[in-house]
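Student: To start, I am sharing the structure in question, which I have written as structure tokens.
Computed from the coordinates by the stated procedures, all read-outs in this text should not be read as laboratory data. Here the structure is a predicted model, which means the values were calculated and not measured. Here the Cβ positions follow ideal geometry from the backbone for every residue, glycine too, while neighbour counts run over all protein chains shown.
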Amino acid sequence: MLTCQRNMLSRIEAALGSFLHELQIIWGEVGESDDERDRMLLELEQECVEVYRRKLDEVNRGRAQLRQAIADAEAELAAICSAMGEKPVHIRQVRQSDQNSESLKTELRTILPLIEEMRKIKFDRKNQFIEVLRQIQSIKNEICTPDCSASNELAIDETDLSTKKLEEWQRDLQALQKEKSKRQKMMLDRLNCLYSLCMVLGLDFKKIVNQIHPSLVEAEDSKNLSSSTIDQLGNAIQEIRELKIERMQQLQDLVTSLLELWNLMDTPVEEQQIFQRVTCKLAASEDEITEPNILSIDHINYVAAEVSRLEELKASKMKELVLKKKAELEVICRKTHLIPDADSALEMAINDMESGAVDAAHVLDEIELKIAKIKEEDLSRKEILEKVEKWMVACEEECWLEEYNRDDNRYNAGRGAHLTLKRAEKARALVNKLPAMVDALASKVITWENWKGTEFIYDGVRLLTMLEGYKVLRQEKELQRKRQRDQKKLQGQLLAEQEALYGSKPSPLKNPNANKNPRLSYGGASKRKLSLGTTPMLQTPRPGMHHTVGVTPNTRNTKKNERINQVRRKDGRFSAPPSSGRRGLDMVSLAAKQPSSNSTKAREVTTLPMMRKPFSPISCMTPSKPDAANILEHHNKKLKETPQKPLTINQTPLSTPPKIISTAEEENRTPQATTITPPSTPPIISVPMKTAITPASVLKATVIPALSTITSVEGETEYSFEERRARFVVPRSHPSLAV
Amino acid sequence: MATFGATSTNVNPNRSTEVASPPSDSVSSMSFSPKANYLVATSWDNQVRCWEVMKSGTTVNSVPKASITHDQPVLCSAWKDDGTTVFSGGCDKQVKMWPLSSGGPPVTVAMHDSPVKELAWIPEMNLLVTGSWDKTLRYWDLRQQSPTWVQQLPERCYALTVKYPLMVVGTADRNLIVFNLQNPQSEFKRVVSPLKYQTRCLAAFPDQQGFLVGSIEGRVGVHHLDDAQSSKNFTFKCHRDGNDIYSVNSLNFHPVHHTFATAGSDGAFNFWDKDSKQRLKAMQRCSQPITCSAFNNDGSIYAYAVCYDWSKGAENHNPSTAKTYIYLHQPQDAEVKGKPRTGTTGRK
């Protein structure tokens, strides 16, 4: 390169030399003067210098421009780098290291692409910033209410485009995005909540939401997320929730009255079923009510309409109800043995109600109040009433025992005789306890009366009076018994006298079997003889015995009448004085007092008063004799036979009415009674089934309480439990039931 | 409020083992798998549930295994003889086949015009028999859509028992129709129930010589098919408490000893031996009725469901207090082994 330039210079010098030489020649030819020649040469030289200088200036200017350009480029590069947060060092280093070898142009050439590159990077970065900021802005716009968004308009700071700054912005953006999604979720939750509330309340969800912000109705993502909107939404939810609670209470009040009305009027289940979904929400809390439209005004009105319909129905049925309630009151009164005191007042009230003067509901309330009062009173009376019940039962047993003791055929060992025996034994024990029971009861009643300050009334009669009456009755009976004993003694003497005079006579009237028996004196007859004599008695067929009973109906009847009298007296009406000819004897005390061999005499006592005339033939007394003999016979037999013939308690008397069968009497003192008791029960015992040969016996419990609901519809189609529960209705035969 | 027996308020006086997570409404039927100790119960809450019952020594415990749902209350259930599949039918008028062992979804295999009250799998014929309140009995081959045979009944089907070749169907109006399954298309015999009240449950004798029938009036009839054996027929009372009479809800023969158990609305269950006419054991009354019961395949477990059976109508049902329990009782030998007084059974 340099040699080339040198060649060029030498060539220029050579050309100049040739020019000068040519000029010398021309000048020589022309004969130019030396001055002219010098002037021309000077001119030439000046012109040449001028040309060189001009060129040099030009080149110099070019270099300066180049330098300026490089400086500019470097400055720009530095600015970009600093803006980008990068170090511009390496460019400088590159240039300094190559300073000597590299010309300005190459330097510029190396810088220019760098600048280009940096510019591009900067542009990209800037775009990133713009993008991030745009997003931030848009989110801010969504989140913030419009008025606050204008103030903080975001601008890009050109001088700081560093990645750090970008990251900062991106963090901001992320935070904002998080905030946005949070709000979206909240918004969605609230909207859902609002929606379900609106559904339950039957409100127009869209309308409510539109009032808060129109954007909420639209589809996803475009919803206004500003705090105020969310707050408004929250307020709306609160309001609607309050409305819901209000309506819920309203509905529950309605349901309560509905249930009351149903209960009052025995509304059929089918009718109730329609409101099942409402009634089941009776005790539900606010958030448990989720069924659509259940709290809508329409629905509430619907339920209210049903309530008012039932109210109307109730009003029309009120009288019926009042009467029903009254019946209920009466039943309760009967059960508690209380006489409703203001009965007439109630009657009047009902009459007034019929004429419309009194509100039926008022009467109903009154009756209910009365029922409550009686129930309350019953509570305090309960203990005594139970005792009274026991006493009554004991009295009944006493009566039964008297009746039983009067039964001439009671020693016949028939089916179920052991049961009657057992009952008699129990009854005797019970009767012995009676006086103590009455005393205890009386003291209880006195305490109660002192406590309450009123008389204890039992079925309209003061209980104490009843008890006292009973005591008097008992004393009279005692007296009577004594008198009879005396009489009997007298009778015995008479008898003995008569026998001594005429000898014993058979009884032709009552029992032909008795003919076979020789008359035996009670005291002295040997047991053996007796048992021999009465053997045929045992073989007497039962119908014959029944006949015997039938022959003497009038005496039986009188006894029965007396018993009824007695019972009536016990019931509290003591107007009638006890008849002096009372024959109801307490066999227990007699039997207990007399030795067993003499018990026959005791038996006789009962028959004694049957005599109409003091000196009528003995025959009318004889029916007792076979019986008397029978006792002993039975006794003996029992003693002998007990082991061979154990009584079978498991045998169920499906067809044995206990009354008809005469039974063997068990003496209080006879130890054999224990043979009847069932064996003690081991942990697992097999019990024979209570069987019957098919077809089952007709003698069956006629009352089946547990089945009453089932049997009540008999005559219509029968239904099983499952069919009832599933509300299954036979389609063809009873379409009416399907309603 | 229902008061049962007035005396017992204890729901589990016999200290039986309670089955875990029982149905939420009354149990309508129960059956044990013929192969293993799996118990299936259907209930009025539309569910069919399955438990595995595990015995360790003298204790049993149960683990709920699986369940399916019907659209309506379920009334009856039965296992296939291989113990792989359960059939269940009810108020949705269809029978679902539930392949329990394969875990597949239930498939509808039978349809009626009214709720299906009873069903049974007859392994000897490879047929399913279903009885419904639509007064028909239908036989189903599981591979076909339509029934292989429809048997008209005089009334709605209330009870059914199968002991091949004997099948007895109890319907309303106290009809009992006896079928010889060797000729299922004709009635073998039709008798009026020896009991005077509605038929509630049936159980065929293990020797197929007759059947037991229980009625709503607390009575069980023992009925022999052969007229020559009619002298051995008798009825007996049970599930009564004084004057209160309760329905007999379930009759189950013990699979080994051939004694039987009765369960009733009074909440008690008893074990009986019909041959010696003895009650072997009377269990304590629960506070609620026993609606159904079942023995497992070897008779070592007796499952019974204590819940309201609608015997006192809807008015005595309080859904908020009504609870359903399934208990497992392990009968001792003395309770279920007949007394040695034999010689009258198994004669043709």
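Student: From the phi angles alone, apply the Karplus equation (6.51, -1.76, 1.60; θ = phi - 60°) to segment A:486-493 and give each ³J(HN,Hα) in whole Hz, x where the residue is Gly or Pro.
Tutor: 4, 4, 5, 4, 4, 4, x, 4
Student: Suppose R0 equals 45 Å; then what is the FRET efficiency for A:Lys206 and A:Ile115 from their Cβ-Cβ distance, rounded to the nearest 0.05?
Tutor: 0.15
Student: Quick one: Cα centre-to-centre distance for segment A:308-323 and segment A:253-281, in angstrom?
Tutor: Taking the Cα centre of segment A:253-281 as reference, the centre of segment A:308-323 is 15 Å away.
Student: Please go through the residue pairs A:Lys382/A:Lys433; A:Lys690/B:Lys117; A:Lys422/A:Lys444; B:Lys55/B:Lys163; A:Lys317/B:Lys323 and name each one whose alpha carbons sit more than 25 Å apart in this structure.
Tutor: From A:Lys382/A:Lys433; A:Lys690/B:Lys117; A:Lys422/A:Lys444; B:Lys55/B:Lys163; A:Lys317/B:Lys323, over 25 Å: A:Lys690/B:Lys117; A:Lys422/A:Lys444; B:Lys55/B:Lys163; A:Lys317/B:Lys323.
Student: Separate question: In peptide B:309-321, what is the residue-averaged number of other protein chain Cβ atoms found within 10 Å of each Cβ?
Tutor: That works out to 4 on average.
Student: For A:Tyr458, what residues show an amide H to amide H distance below 5 Å, using hydrogens built from the backbone and excluding near sequence neighbours?
Tutor: For A:Tyr458, whose amide H was placed from the backbone, the distant partners under 5 Å are A:Leu463.
Student: Show the residues, 5+ positions off or on another chain, whose built amide H is closer than 5 Å to the amide H of B:Thr199.
Tutor: Hits under the 5 Å cutoff: B:Arg174.
Student: Give a residue-ordered list of calculated ³J(HN,Hα) values for segment B:190-206 (Karplus: 6.51 cos²θ - 1.76 cosθ + 1.60, θ = phi - 60°; whole Hz; x for Gly, Pro).
Tutor: 10, 10, 8, 3, x, 9, 8, 10, 3, 6, 10, 7, 9, 8, 6, 4, x
Student: Here is a follow-up. Under the rule of at least 5 residues apart or a separate chain, name every residue whose amide H is placed under 5 Å from the amide H of B:Gly264.
Tutor: Answer set, sorted by chain and number: B:Asn249, B:Ile290.
Student: Turning to a different aspect of this structure: Could you tell me the center-to-center distance, by alpha carbons, between segment A:163-210 and segment B:252-272 in angstrom?
Tutor: Here the two parts' Cα centres lie 65 Å apart.
Student: Counting Lys +1, Arg +1, Asp -1, Glu -1, what net charge surrounds A:Gly28 among other residues with beta carbon under 14 Å of its beta carbon?
Tutor: After counting each charged neighbour, the total is -4.
Student: Now for a different question. Over the whole of B:194-200, what's the average partner chain Cβ count within 10 Å per residue? Rounded to a whole number, please.
Tutor: Per-residue shielding by partner chains comes out at 4.
Student: Quick one: Karplus J couplings for segment A:136-143, per residue in order, coefficients 6.51, -1.76, 1.60, θ = phi - 60°, nearest Hz, x for Gly and Pro?
Tutor: 4, 4, 5, 5, 4, 4, 5, 6
Student: Give, in nm to one decimal, the length gained when the segment between A:Arg727 and A:Gln68 is fully stretched (0.36 nm per residue of separation minus the Cα-Cα distance).
Tutor: So the extension gain works out to 226.7 nm.
Student: How many angstrom lie between the Cα centre of segment B:169-232 and the Cα centre of segment A:1-70?
Tutor: Cα centroid of segment B:169-232 versus Cα centroid of segment A:1-70: 149 Å apart.
Student: Report the equivalent ellipsoid semi-axes for segment B:9-114 in whole Å, largest first, defined as the square roots of five times the eigenvalues of the gyration tensor built from alpha carbon atoms.
Tutor: Gyration-tensor ellipsoid for segment B:9-114: 25, 17, 10 Å.
Student: Roughly how crowded by other chains is peptide B:234-247, in terms of the mean Cβ count from those chains within 10 Å of each of its Cβ atoms?
Tutor: Mean shielding by partner chains, rounded to a whole number: 5.
Student: So, one more: Please find, in a Gaussian network model of chain B (springs between Cα atoms separated by less than 10 Å), the residue of B:Leu128, B:Leu142, B:Leu251 whose mean-square fluctuation is greatest.
Tutor: In the Gaussian network model the winner is B:Leu142.
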